[in-house]
Amino acid sequence: FDSDQKKWFHDYKNKNDDQMFILMNGEEKIGAGAVYDIDGKDESGKIGRLMIKKRYQGLGYGKALLKKLRGIGFGELGLQELKLEVFADNKKAVSLYNSVGFKINRVKTKGKKEILLMVQSFYAGKR
């Protein structure tokens, strides 16, 4: 690693507004996700960086990881609102996020792609 990479990694490890989690199946790392841009004053944060190994996709692991991240955000971190962004044409992800209570808040465009900004409040998540 060069010195810039070492500095970035050191700074990242010491951030308190960004928490990465690894999803395990026994001893195997099968996915990851994060709660980041954590704002204690605003009581909000974002969920993202969701990844599941290809062979484990479609088996409920993504939903389990998303529910865990949501629980960490609303529970351990005491946040009142969680946000995420997803490309509008990523129908599987949009469906997954809807299934755990995220709602489309607004739409923005990046180039020719539509991006959905989805939100869930703590009280909506209690239903």
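Couple of notes before you dig in:
- When residue 19 is tested against the conditions (1) surrounded by 10 or more Cβ atoms within 10 Å (Cβ to Cβ); (2) polar (S, T, N, Q); (3) in a loop (DSSP other than H, G, I, E, B), the lone failure is (3).
- A residue that is open to solvent by 90 Å² or more (accessible area, probe 1.4 Å), in contact with a helix residue (DSSP H, G or I) (Cβ under 9 Å, 6 or more places away or on another chain) and modelled with pLDDT of 95 or more cannot be found anywhere in segment 112-123.
- For segment 51-65, a residue qualifies if it is among the hydrophobic types (A, V, I, L, M, F, W, C) and either within 18 Å of residue 12 (Cβ to Cβ) or in a helix (DSSP H, G or I) (or both), and the qualifying residues are 51, 64, 65.
- Residue 42 meets the conditions (1) assigned to a loop (DSSP other than H, G, I, E, B); (2) more than 28 Å from residue 103 (Cβ to Cβ); (3) at pLDDT 90 or above in every case but one. The failed one is (2).
- Looking across segment 44-56 at every residue that is of a type outside the set (A, V, I, L, M) and open to solvent by 60 Å² or more (accessible area, probe 1.4 Å), the one that is nearest to residue 116 (Cα to Cα) is identified as 46.
- Residue that is nearest to residue 55 (Cα to Cα) [pool: residues in segment 1-44 that are polar (S, T, N, Q) and more than 18 Å from the chain's Cα centre (by Cα)]: 25
- Against the test of being at pLDDT 95 or above, open to solvent by 80 Å² or more (accessible area, probe 1.4 Å) and over 20 Å from residue 117 (Cβ atoms), the options 29, 103 yield a single qualifying residue, 29.
- So residue 71, is it loosely packed, with under 14 Cβ neighbours inside 10 Å, closer than 16 Å to residue 23 by Cβ and not acidic (Asp, Glu): yes
- For segment 81-122, the set of residues classified as hydroxyl-bearing (Ser, Thr, Tyr) and within 16 Å of residue 69 (Cα to Cα) consists of 97, 99, 121, listed by residue number.
- Entry remark, segment 70-127: residues being of a type in the set (Lys, Arg) and farther than 17 Å from residue 50 by Cα number 8 in total.
- Taking (1) touching a strand residue (DSSP E or B) at 6+ places or on another chain (Cβ under 6 Å); (2) at negative phi in turn, residue 95 satisfies each apart from (1).
- If you go through segment 66-106 and keep only what is farther than 25 Å from residue 24 by Cβ and either part of a strand (DSSP E or B) or touching a Leu at 6+ places or on another chain (Cβ under 6 Å) (or both), you end up with 81, 83, 85, 87, 88, 103, 104, 105, 106.
- Within the set 79, 84, 59, 66, the sole residue that is open to solvent by less than 30 Å² (accessible area, probe 1.4 Å) and more than 17 Å from residue 116 (Cβ to Cβ) turns out to be 79.
The values are calculated or read from the model by the stated rules, or taken from the named source; none is laboratory data. Since this is a predicted model, take the numbers as computed values, not measurements. Here Cβ is always computed from backbone atoms with ideal geometry, including for glycine, and neighbour counts include all displayed protein chains. Note: accessible area is taken over every heavy atom of the protein model, side chains too, but ligands, DNA and RNA are not part of it. Shrake-Rupley method; radii C 1.70, N 1.55, O 1.52, S 1.80 Å.
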